[in-house]
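Trainee: Pasting a structure here, questions to come.
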Amino acid sequence: MGCRGQGSKLNTVVITGASAGIGLAATYKFIAKDWQVVNLSRRPCPNSDVLSIACDLSKPDFFTSIADPLLSAVASSDVIHLVHNAARYLNDSALETDDTTLAEALQTNVLAPNTLNRNLIPLMKPGSSITLVGSTLAEKAVAGCFSYVTSKHAQVGLMRALCQDLAGTGIHTAMICPGFTDTEMLRSHVPEDAMSIVASMSAFGRLIEPDEIADAILWAIESPVLNGSVVHANLGQIEN
């Protein structure tokens, strides 16, 4: 856990889904800056310097069970950075996805961030930030991932609305939209023999490393000039 030196501020990062991939990579960036890091996910974060609070963001009442430990963890913070990283990805189609399935994706990707925003913003002082980890699919669409595309587009609206409603508070927002990143999520949806094809879809002919997106998240946190911005971090995707 980060500690506060004499005369320095205590920065706390609350990040969802830091048990693997981009979220895990980001925790090491935050810890290196001597920030306190709190992970909210079903699985604990492998980084032993991180405080993990177990929760299931797919449950509408998830905040009830974590309210006390989370609010206690951030209580003495001078600045709070909230990073919405967790996401639900389904291979589904707009032609057949029922309302229940769509609602499940929206719960994790949109409603859970809204719940955390609503409960933590009153505690956030000037210099705090809210960063969403989106996707290239937040501003474009492809076939076969209807609920993910829909929810990521909704995240863009959520972030931009936050920017407007937080005007004057000293809290800034941004959205980092990764391209094809070498994570557990990507590999669970793309067969190994197709991975080279996916990699070839970037102008650099390779997958993005989670560490690269973690750097972009940290940049957004430390750059209030990006307030309200959507930043695509995808190595330059080749459009067919």
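Trainee: Consider just the alpha-carbon atoms of the range 63-155 and return their Rg together with their Dmax, both in angstrom.
Mentor: In order Rg, Dmax, the Cα atoms of the range 63-155 give 15.5, 49 Å.
Trainee: Right, another one. In this model, which of K33/K125; K59/K152; K9/K125; K9/K29; K33/K152 are farther than 22 Å apart at the alpha-carbon?
Mentor: Numbers: K33/K125 19 Å; K59/K152 19 Å; K9/K125 12 Å; K9/K29 17 Å; K33/K152 29 Å.
Cα-Cα > 22 Å for K33/K152; rest within.
Trainee: Sticking with this one: Using only helices, what value at 222 nm comes out for the chain when you add -39,500 (n - 2.57) per DSSP H run of length 4 or more and divide by the total residues, to the nearest 500 deg cm²/dmol? Numbers along the way, then the final one.
Mentor: Working: 8 runs with 85 residues, N = 240.
Helices in the chain give a 222 nm mean residue ellipticity of -10500 deg cm²/dmol.
Trainee: Now a separate question. For the range 13-127, with every protein chain kept in place, what is the accessible area per residue (1.4 Å probe, Å²)? Before the final figure, lay out each step's value.
Mentor: Values: 5090 Å² over 115 residues.
Heavy-atom SASA per residue in the range 13-127 reads 44 Å².
Trainee: Can you give the percent of C-alpha pairs in the range 130-235 whose distance is more than 21 Å? Show your work: numbers first, answer last.
Mentor: Values: 2151 of 5565 pairs.
I get 39 percent for the Cα pairs in the range 130-235 exceeding 21 Å.
Trainee: A further question on this structure: For the chain, give me the percentage of DSSP beta bridges that are antiparallel, rounded to the nearest 5 percent. Could the numbers behind the result be given before it?
Mentor: On the way: 1 of 30 bridges.
Taking every DSSP beta bridge within the chain, about 5 percent pair in antiparallel fashion.
Trainee: Taking only C-alpha pairs under 8 Å that are 6+ residues apart, what is the relative contact order of the range 1-150 in percent? Can you show the working numbers first?
Mentor: On the way: 260 pairs, mean separation 36.1, N = 150.
Reported relative contact order: 24 percent.
Trainee: Follow-up question, since we're still on this one. Express in whole angstrom the spacing between the alpha-carbon centres of the range 55-119 and the range 183-240.
Mentor: With the range 55-119 and the range 183-240 each reduced to a Cα centre, they are spaced 22 Å.
Trainee: Same structure again: When the dipole is taken about the Cα centre of the chain, and only Lys, Arg (+1) and Asp, Glu (-1) are charged at their Cβ, what size is it in debye, to the nearest 20? Don't skip to the answer; put the middle values down first.
Mentor: Details: 15 positive and 23 negative charges, 137 e Å.
Computed charge dipole of the chain: roughly 660 debye.
Trainee: Please compute the length gained on full extension between D61 and D193, using 0.36 nm multiplied by the number of residues separating them and subtracting their Cα-Cα distance.
Mentor: Values: separation 132, 0.36 × 132 = 47.52 nm, distance 3.97 nm.
Stretched out fully, the D61 to D193 stretch lengthens by 43.5 nm.
Trainee: At a probe size of 1.4 Å, how large is the accessible area of E139, to the nearest 10 Å²?
Mentor: Roll a 1.4 Å probe over it and E139 shows about 90 Å².
Trainee: For T97 and D34 in the same chain, what is the full-extension length gain: residue separation times 0.36 nm, less their Cα-Cα distance, in nm?
Mentor: Numbers: separation 63, 0.36 × 63 = 22.68 nm, distance 4.42 nm.
Gain on stretching T97 to D34: 18.3 nm.
Trainee: Running Debye on the chain with equal point scatterers at the Cα sites and no solvent, what base-10 log of I(q)/I(0) appears at q = 0.09, 0.13, 0.15 Å⁻¹?
Mentor: Taking Cα atoms of the chain as identical point scatterers yields -0.36, -0.77, -1.03.
Trainee: Here's a follow-up. Which aspartates and glutamates, on any chain, are close to K140 with Cα under 19 Å apart, when same-chain ones fewer than 8 places away are left out?
Mentor: Excluding near neighbours in sequence, the set is D92, E239.
Trainee: Within the chain, what whole-number % of the accessible surface is contributed by carbon and sulfur, with the 1.4 Å probe and all protein chains included in the calculation?
Mentor: Details: 6010 of 11000 Å².
Taking all protein chains in place, the chain shows 55 percent carbon and sulfur surface.
Trainee: Another one. Given the alpha-carbon gyration tensor of the range 17-124, what are the semi-axes of its equivalent ellipsoid in whole angstrom, ordered largest first, with each equal to the square root of 5 times an eigenvalue? Please list the in-between numbers first.
Mentor: On the way: eigenvalues 141, 55, 26 Å².
Three semi-axes, in Å: 27, 17, 11.
The values are calculated or read from the model by the stated rules, or taken from the named source; none is laboratory data. Computed from a predicted model, the values in this text were never measured in an experiment. Virtual Cβ from ideal backbone geometry, glycine too; neighbours counted across all protein chains shown. These area figures cover heavy atoms from the full protein model, side chains too; ligands, DNA and RNA do not enter into them. Shrake-Rupley method; radii C 1.70, N 1.55, O 1.52, S 1.80 Å.
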